[in-house]
């Protein structure tokens, strides 16, 4: 089946003047000359088929999905989720939390156990069905604009590993903002282009995926986007030093040494704002 290729202007400032950074797997990764946003241009036109393929394009998709599901509900991951949720406690007024792109539902499960009324949105039904069917989580299958959720009805909205998939993040965040009450919290997590991991790995960093990850952020551009869309940034945090190349096979000894190096360096990364994981907390103004 042929794919529709689409050219686009910068979604942050609407400029059409860019600099080519690199090409990976046939996808041009460009940087806006005006605001610095990095995105894939041209790109595949947004489709459900493209979204579904994020989980099913590997050689052993069933094992990949099974491992992700088990990880989401593991005691270690549930503890991490619970810690995240406790930090959101001061925003609890309506007692409602929304996780857009909720995947297997692990975060929603932890939030419900902490007493929150939960709602999830997931476009890939084959993934979201695990939380809905096995744990009776309230998950809507489809896109945000089709969810018919009432405005100003959530204290907290969470976007974890989703905004890099969104072709038009400005429009998406505007719709998201309508669902959040005044002063409510929006949390956004994504990869950080301005990280030591990217500096060392270059275009071969495994998280560069032009088919699925179409917009890439730095702390500066993500903050600019949120402020453009009516949010006030209250915290920017990065963590992680993770060197993972595509089709990486260095051998057992080198892999062990690499893992040891990552573990030694990771604790100091949050002090530098150069971690490969970027998280921003912002309030609706």
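Observations
- Pairwise Cα distances in the stretch 69-170 exceed 19 Å for 40 percent of all pairs.
- Simple spin-label estimate for residue 60 and residue 48 in nanometres, 7 Å along Cα-Cβ: 3.0 nm
- Most mobile listed residue (105, 202, 120) in the chain, GNM with C-alpha springs under 10 Å: 202
- Spread of Cα-to-Cα distances over 5 Å intervals beginning at zero, given as percent, for the stretch 1-142: 2, 9, 14, 15, 13, 13, 14, 13, 7, 1
- For the chain, the equivalent ellipsoid built from the Cα gyration tensor has semi-axes of 28, 24, 21 Å, listed from largest to smallest.
- Compared with the alpha-carbon gap, the fully stretched path from residue 262 to residue 235 is longer by 7.3 nm at 0.36 nm per residue.
- Mean residue ellipticity, 222 nm, helices only, the chain: the sum of -39500 (n - 2.57) across DSSP H runs of n ≥ 4, divided by residue count and rounded to 500, is -10000 deg cm²/dmol.
- If R0 is taken as 25 Å, the Cβ-Cβ distance between residue 92 and residue 136 corresponds to a FRET efficiency of 0.70.
- Of the residues 68, 37, 12, the one that moves most in a GNM of the chain with alpha-carbon contacts below 10 Å is 68.
- Beta bridges assigned by DSSP with both partners in the chain are antiparallel in approximately 60 percent of cases.
- The stretch 115-245: C-alpha gyration tensor shape, a/c 1.5 cut-off, then a/b vs b/c: oblate
- Summary value for the stretch 46-284: 18 percent relative contact order, contacts being C-alpha pairs under 8 angstrom separated by 6+ residues.
- Look at 136, 209 and count the other Cβ atoms within 10 Å of each Cβ; fewest to most, that gives 136, 209.
- For the chain, a Gaussian network of Cα nodes joined below 10 Å ranks 206, 162, 121 by mean-square fluctuation, and the top entry is 206.
- Long-range Cα-Cα pairs in the stretch 1-85 (distance over 21 Å), rounded percent: 55 percent
- For the pair residue 125 and residue 271, label points projected 7 Å from Cα toward Cβ lie 5.1 nm apart.
- Taking label points 7 Å from Cα along the Cα-to-Cβ direction, residue 285 and residue 220 give a separation of 2.0 nm.
- Whole-angstrom gap from the stretch 157-179 to the stretch 13-50, using each part's C-alpha centre: 18 Å
Each reported figure results from applying straightforward, stated rules to the coordinates on display, with no laboratory input. Everything quoted here is computed from the prediction, not taken from an experiment. Cβ sites come from the backbone with ideal geometry, for glycine too, and all protein chains shown count toward neighbours.
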